[in-house]
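Asks: Quick one: structure below, then a few questions.
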There are 2 protein chains.
Amino acid sequence: MDFSSFLTSLGTSFVIFLLLMIVFAFLSSKPGNNVVYYPNRILKGLDPLEEGSKSRNPFSWIKEALSSSETDIVAMSGVDTAVHFVFLTTVLGILVLSGVILLPVLLPLSATDNAVKTQSKSQKSSNGTFSELDKLSMANITAKSSRLWGFLIACYWVSIVAYVLLWRAYKHVSWLRAEALKSPDVKPEQFAIVVRDIPHAPQGQTRKELVDSYFKAIYPETFYRSIIVTDNKAVNKIWEALEKYKKKLARAEAVYAGSKTDAKPEGTRPTNKTGFLGLVGEKVDSIEYYNEKINELIARLESEQKVTLREKQQDAALVFFSNRVVAASAAQSLHAQMVDTWSVFDAPGPNQLIWPNLKIKYFQRELRQYLVYFIVALTIFFYMIPITFISAFTTLDNLVKYLPFLKPIVNIKALRTVLEAYLPQLALIIFLAFLPKLLLFLSKFEGIPTESHAVRAASGKYFYFTVLNVFIGVTIGGALFKAFKRIEKNPNLGEIASLLAESLPGSATFFLTYVALKFFIGYGLELSRIVPLIIYHLKRKYLCKTEAELKEAWHPGDLGYGTRVPGDMLIVTIVICYSVIAPVIIPFGALYFALGWLVLRNQALKVYVPTYESYGRMWPHIHNRILASLILYQITMFGYFGLQKFYYTPLLLPLPFLSLIFGFVCAKKFYPAFQHPALEVAANPLKEVPNMELIFRAFIPPSLRSEKIDDDRFEDALSQTSRATPV
Amino acid sequence: MDFSSFLTSLGTSFVIFLLLMIVFAFLSSKPGNNVVYYPNRILKGLDPLEEGSKSRNPFSWIKEALSSSETDIVAMSGVDTAVHFVFLTTVLGILVLSGVILLPVLLPLSATDNAVKTQSKSQKSSNGTFSELDKLSMANITAKSSRLWGFLIACYWVSIVAYVLLWRAYKHVSWLRAEALKSPDVKPEQFAIVVRDIPHAPQGQTRKELVDSYFKAIYPETFYRSIIVTDNKAVNKIWEALEKYKKKLARAEAVYAGSKTDAKPEGTRPTNKTGFLGLVGEKVDSIEYYNEKINELIARLESEQKVTLREKQQDAALVFFSNRVVAASAAQSLHAQMVDTWSVFDAPGPNQLIWPNLKIKYFQRELRQYLVYFIVALTIFFYMIPITFISAFTTLDNLVKYLPFLKPIVNIKALRTVLEAYLPQLALIIFLAFLPKLLLFLSKFEGIPTESHAVRAASGKYFYFTVLNVFIGVTIGGALFKAFKRIEKNPNLGEIASLLAESLPGSATFFLTYVALKFFIGYGLELSRIVPLIIYHLKRKYLCKTEAELKEAWHPGDLGYGTRVPGDMLIVTIVICYSVIAPVIIPFGALYFALGWLVLRNQALKVYVPTYESYGRMWPHIHNRILASLILYQITMFGYFGLQKFYYTPLLLPLPFLSLIFGFVCAKKFYPAFQHPALEVAANPLKEVPNMELIFRAFIPPSLRSEKIDDDRFEDALSQTSRATPV
């Protein structure tokens, strides 16, 4: 890619971004679109527009985003979102502080040297790889030059800035988490633990009695009740069918009410066919039919609930304590002499538990974990092959070479420039969209018991996938492809090495475009919410009849950490790795995170509704991955300096070790408090005596809840042995 | 070493062992020696001889040892000793079950082949390496022979037997530990935890107030009191001086009383000189002088105690709870959000705490640990060099070659045989006697807070030292030395490889003699207690004047796991590693552990008094080390089969992985219960309400104890905020 196509790419992206901005300013000012642009505020029962901003200035959202505090974020979107902003600001800080030193120092050093020109003159074979951007990169430094000292010091500067900011960030997130867990509000998950691997009950004792007597013996004063985990597959199915019919009934009633026009006050009773997809079978009155179905299903649900609670108990349970210090302590204490029985962990939020995974046995979980790691490793390894080919083929020159019939199209100058700018990046982005679902599925298969943990696990896998395949794959893959071609003529190891050194700055341009494309188009789409808006309006017009259906149509979902974090991580990796080789990338990276912060701030405050709260447990993962990027960068730099034949390259060797030690110290100092709640935090006084009955009921899955008040039906799996007075 | 010198060695050892047996039978039947042969029974207030055995049959100790149960051992010598017997029986079981199959199958396979003879015929250069024992080893199998199948299956058999027995042993030890911790007796350490890394107290609050308020907030109902750890160096010094003078006074009084004979009823008041070592200076009346000194020191002790308690507080404390479940849970819970503050662990027995180590800060401990690992690694590496030389030089042929003046001595036939048999082994044993002290010192330097833990750590280091240096050093070192000589003539890689294969069975004979020497002489000395007996009688006759001094003279000490376990471990490693190569070693190994069991059973029941109780925490270390030996064996066998050019050698590859998985599963299933007390165990009811005051006082070091009852002096470092009623 040459310089002009890079500028075209940048320009086009910026124009699209501006257009999306204008669209956003226009659309978001229409009150009819409030549910798309302010759903979080509406769901929280707030006025869509903030007090001060009646004017609907198209840029007022920027002012609002900038003036919002971390406390606002925690209040509106939870600790997890606040932690995501810590991530964005930390990376932004690293990039800005690096750029402030690196740009004014390294760019002049590169620009005034002329290795690239000399090289491309001497090696006539490789015309076209020379570009204006390469002149600003480290590739333009003559080998063994003492100018390399500047780059070496820059390597240290970036690392030290990263350490300092990461340390401060970890400390801050730890504080955020502690503050949230200290909260005097009663949170159900702070009074419960999950027990797995319950041993078989002895003859004449039910599983519930076993659990209750076990915990009653250990916590005679604070044990409240327990819920035995059941296999809810059947009951969930009936419950879902019931919910579906309830919706259909509401819809039929709304249709019926809508048909009562002035002209025809009695209305038309809606009808439907009972057969496949409502297309065949007997025609019936919908309202009557659905009512009938609902009554039938309620009866079936009740009997299935009884069967489930009595006969489908699994070897796992939720145990409730009337004191949150005891619950926090119980969640991290060893209960049984044999560790593969009575294993415990602290309960997550009620909606986060993955019930089917709770019953999986201790060693089976271990086994599944390694199996999944193995599968993921295979996936990462075999995806490498197509990625290598994509990066090698998706340059226009290559396409024309291998698919000559494209030549007439490509020869149109304007089209060619645009295609050249976008083709490789688009291919990559589309390619990466397939993966997250698979990885989330695999993570759940591991036996991970909570949603947030599964998302973290999937996001970790996705990170390693993107770094290994996209970053290393594109860099090395592209280089290898070029190398193969050249080596056919002149096979020689030194040739490969110098080619690699050449191709690193070459790929920098590729990634620069990738970053620019991602932030302009990505954040433009994100902010303007064009797609959800269109979907909402289509649904509203043609599908939704009831209030509930409408609400479902505009429900915004959550921030999607599972893909958002690794996506941003890839940018972090790219920008940090190229920060010294091609410092030009730093401003783009900084812009990406600054813009990302701004847009996401708006979205967090007004749009997205988090589905769960893990109190910042994402941070250690983010931290470790930034550190992994940093180590990758340090190793890359070590190799790259070696290729530049710099005599003092070994001076870079301490850096990766420094990073490892830093990571080790952070893990020792901060991590355990993310694994388990610290007791000093849980010991903070509550503002009211917890209502244990409410806490207990919060954990009963909806399909097992009964509308009747009496509790007798739950006696089988939900214990009632103790009703300690809460402390 | 040839066959006759091996037999001589064996014979001599056996004769010495028999002599020592007779000496033991004779000496132990004299009532005057009871304190040497039955100190544990005497200290426990039991009759030295058991009820049934009035006859003093010289072999009755064997009957008593065989008829004693594990419960007796736990009662007489604690869980740690019982665990040591589990170790001995497990290894014995592995060896017996292996031998039962390996001896009748492998020996005929070897004996009827003739590779050694062929080899020594074809290679005239290496005369003397051929011996009758080598004919019974795997070295006698012709390369590529299908007889090697038998040896391959034997490798699997030994491994599987080891897995099964180790699994059962771990389970049993875990049960032993649980039973001991479940005990309804009140044990002070079960009600206390140790807190380290206490942060600085805020202005206007003492450290004691900080600790008390911190734990009172978290455990409002069960927190009892705390002791702040102090720097006791000065107070200990005074206290030791005081104790010394008290002993001297008692001694002087005894001398004075002894001098009151019938002839001289008023007696002679003993005198001493006050100067250096009692040799110079003014001559004074001893009783008066010591009384004066004691009074002076008591006053100094009291004032120093006050200063220590007030001004020498450290950042560590002991915290007491009135409930042992709470204490067990507190010891394993994360208390602070920042993990390098308020770190906790479960208190060991009161006499086990290493007070000066408690104050060492979190990251300093980590640092020290890695530093020590580094030093130990260096030690292991550099000891390799002398060991290599010792094993190469300490054959008589070599000695004579390099020190020709020894020739006339060596030429005496009988002497030569004995020397040849013992020289290398003696050198090795003496050499190894230097190390344990250094390793224990290093382990304490790591900042390990309890005696038992330090012993475990030292014993681990000692194990790796002996295995790496003695076992691998002797085997490979000897081979290398031979190889160097031969390779000078014919440098060739295949030569080295086949030399190694040759030298492995060669060293087998060396180790066989080593094992035989160790068990006959070692256990003979152990049982007969010749050295302690002589020392005791000398002291009794010439030094001891008072009862206390006498008691000190016969006090037996403990079993010394720090050197006993790694010593036995070395034998385990040797025997397992050679079990298939030279199965002849198995009966010797089995005899070693059988005899060891018998002798130690006697010593545990009647002699040694354990100084601490760690409730079997030694076992995971033993387990891991047996497993390490097994892996070493499996790798050695893999290499050895390869040298024998056996086509199916890769079939041995799964074994080390199997061992790793086995170790992983054991660590997951059993280990955590050894790290922390399981709550279900601690929840067992107590037989009486614990006397918290006694528990609390048990942990005050003797130098800080006051003979006065009033507690005011302790107010500074020993908190008194709460006196909860114990549960």
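The values are calculated or read from the model by the stated rules, or taken from the named source; none is laboratory data. This structure is a prediction, so every number in the text was calculated from the model and none was measured. Quick reminder, even Gly has a Cβ in these numbers, built from the backbone with ideal geometry, and neighbours come from all protein chains shown. We work out accessible area using only protein heavy atoms, side chains counted, and drop any ligands, DNA or RNA first. Shrake-Rupley method; radii C 1.70, N 1.55, O 1.52, S 1.80 Å.
Asks: Per-residue HN-Hα couplings for the range B:160-165, Karplus 6.51 cos²θ - 1.76 cosθ + 1.60 at θ = phi - 60°, whole Hz, x for Gly and Pro?
Replies: Running phi through 6.51 cos²θ - 1.76 cosθ + 1.60 with θ = phi - 60° gives 5, 4, 5, 4, 4, 5 Hz.
Asks: Please find, among residues of chain A, the one with the beta carbon closest to the rotation axis relating it to chain B, distance in whole Å.
Replies: Closest Cβ to the A-to-B rotation axis, residue and whole-Å distance: A:Ser329, 2.
Asks: Further, regarding this structure: Would you work out the charge dipole size for the range B:235-304 about its Cα centre, treating the Cβ of every Lys and Arg as +1 and the Cβ of every Asp and Glu as -1, and quote it to the nearest 20 debye?
Replies: Taking the Cα centre of the range B:235-304 as origin, the dipole is about 260 debye.
Asks: Then there's this: Go through the range B:667-688 and flag every residue whose accessible area shrinks by 50 Å² or more with all protein chains in place compared to the isolated chain (probe 1.4 Å).
Replies: So the qualifying set is B:Lys668, B:Lys669, B:Leu679, B:Glu680.
Asks: With a 1.4 Å probe and every protein chain left in place, tell me how much accessible area B:Ile448 has, in Å² to the nearest 10.
Replies: Solvent-accessible area, nearest 10 Å²: 10 Å².
Asks: Under 17 Å between alpha carbons, and skipping anything fewer than 8 positions from A:Lys687 in its own chain: which lysines qualify?
Replies: The reachable lysines, counting only those whose Cα sits under 17 Å from A:Lys687, are A:Lys182, A:Lys187.
Asks: Rg to Rh for the range B:235-304: what is it, with Cα atoms only and Rh by Kirkwood?
Replies: Using only Cα positions, Rg/Rh for the range B:235-304 is 1.06.
Asks: Residue by residue, what Karplus-based ³J(HN,Hα) values in Hz, rounded to whole numbers, does the range B:514-520 have, using 6.51, -1.76 and 1.60 with θ = phi - 60° and x for Gly and Pro?
Replies: With the stated coefficients, the range B:514-520 comes to 4, 4, 4, 4, 5, 7, 5 Hz.
Asks: Just list whichever of A:Lys361/A:Lys668; B:Lys312/B:Lys361; A:Lys541/A:Lys606 have alpha carbons separated by over 19 Å in the model shown.
Replies: Over 19 Å apart, Cα to Cα: A:Lys361/A:Lys668; A:Lys541/A:Lys606.
Asks: If you find the alpha carbon centre of the range B:572-620 and of the range A:566-599, how far apart are they in angstrom?
Replies: Between the Cα centre of the range B:572-620 and that of the range A:566-599, the gap is 62 Å.
Asks: How large is the accessible surface of B:Lys541 in square angstrom, using a 1.4 angstrom probe and rounding to the nearest 10?
Replies: Per-residue accessible area (B:Lys541): approximately 140 Å².
Asks: Using alpha-carbon pairs under 8 Å, 6+ residues apart, how would you state the relative contact order of the range B:235-304 in percent?
Replies: Normalised by residue count, the contact order of the range B:235-304 is 36 percent.
Asks: In the range A:130-199, what percent of the accessible surface is made up of carbon and sulfur (1.4 Å probe, ligands and nucleic acids excluded)?
Replies: Working: 1640 of 2540 Å².
Carbon with sulfur: 64 percent of the solvent-accessible area.
Asks: Would you work out the charge dipole size for the range A:499-608 about its Cα centre, treating the Cβ of every Lys and Arg as +1 and the Cβ of every Asp and Glu as -1, and quote it to the nearest 20 debye?
Replies: 480
Asks: Follow-up question, since we're still on this one. Excluding A:Tyr612 itself, what net charge comes from residues whose Cβ is under 12 Å from its Cβ, given Lys and Arg +1 and Asp and Glu -1?
Replies: Local net charge: -3.
Asks: Run the numbers on the range A:319-368: which residues show a drop of 50 Å² or more in accessible area, chain on its own versus all protein chains together, using a 1.4 Å probe over heavy atoms?
Replies: Buried-area filter returns A:Gln332, A:Leu334, A:Gln337, A:Met338, A:Val339, A:Phe363.
Asks: Tell me, what is the per residue accessible area of the range B:235-304 in Å², probe radius 1.4 Å?
Replies: 65
Asks: Rounded to the nearest 100 Å², what is the buried accessible area between A and B, both sides summed, probe 1.4 Å?
Replies: For A against B, buried area totals roughly 3200 Å².
Asks: Run the label-point distances for B:Asp72 please: 7 Å along Cα to Cβ, every other copy, nanometres, shortest first.
Replies: Computed spacing set for this position: 8.1 nm.
Asks: Then there is this: Ordering B:His555, B:His172 by how much accessible area each has at a 1.4 Å probe, largest first, what is the list?
Replies: B:His555, B:His172
Asks: Okay, moving on. Calculate, for the range B:162-206, the solvent-accessible area per residue in square angstrom, rolling a 1.4 angstrom probe over the heavy atoms of the protein chains.
Replies: Per-residue value: 42 Å².
Asks: Given a 1.4 Å probe and every protein chain left where it sits, what share in percent of the accessible area of the range B:235-304 is carbon and sulfur?
Replies: Percent of accessible area from carbon and sulfur atoms in the range B:235-304: 53.
Asks: Output, in nm with one decimal and in ascending order, the distances from the A:Lys264 label point to the matching label points of the other copies (7 Å from Cα along Cα-to-Cβ).
Replies: 13.9
Asks: Moving on. Enumerate by residue number the chymotrypsin sites (Phe, Trp or Tyr not before Pro) in the range B:644-674 meeting two conditions: DSSP loop (anything except H, G, I, E, B), and at most 16 other Cβ atoms within 10 Å of the site's Cβ.
Replies: B:Tyr647, B:Tyr648
Asks: How far apart are the A:Arg697 label points across copies, placing each 7 Å from Cα toward Cβ, in nm, shortest first?
Replies: Reported distances to equivalent positions: 5.5 nm.
Asks: Grab the alpha carbons of the range B:157-310, take their convex hull, and tell me the volume per residue in Å³.
Replies: 340
Asks: While we're on this one: Taking amide hydrogens as modeled 1.01 Å from N in the peptide plane, which residues meet the under 5 Å criterion relative to A:Thr450, leaving out close sequence neighbours?
Replies: It is A:Ile354, by chain and number.
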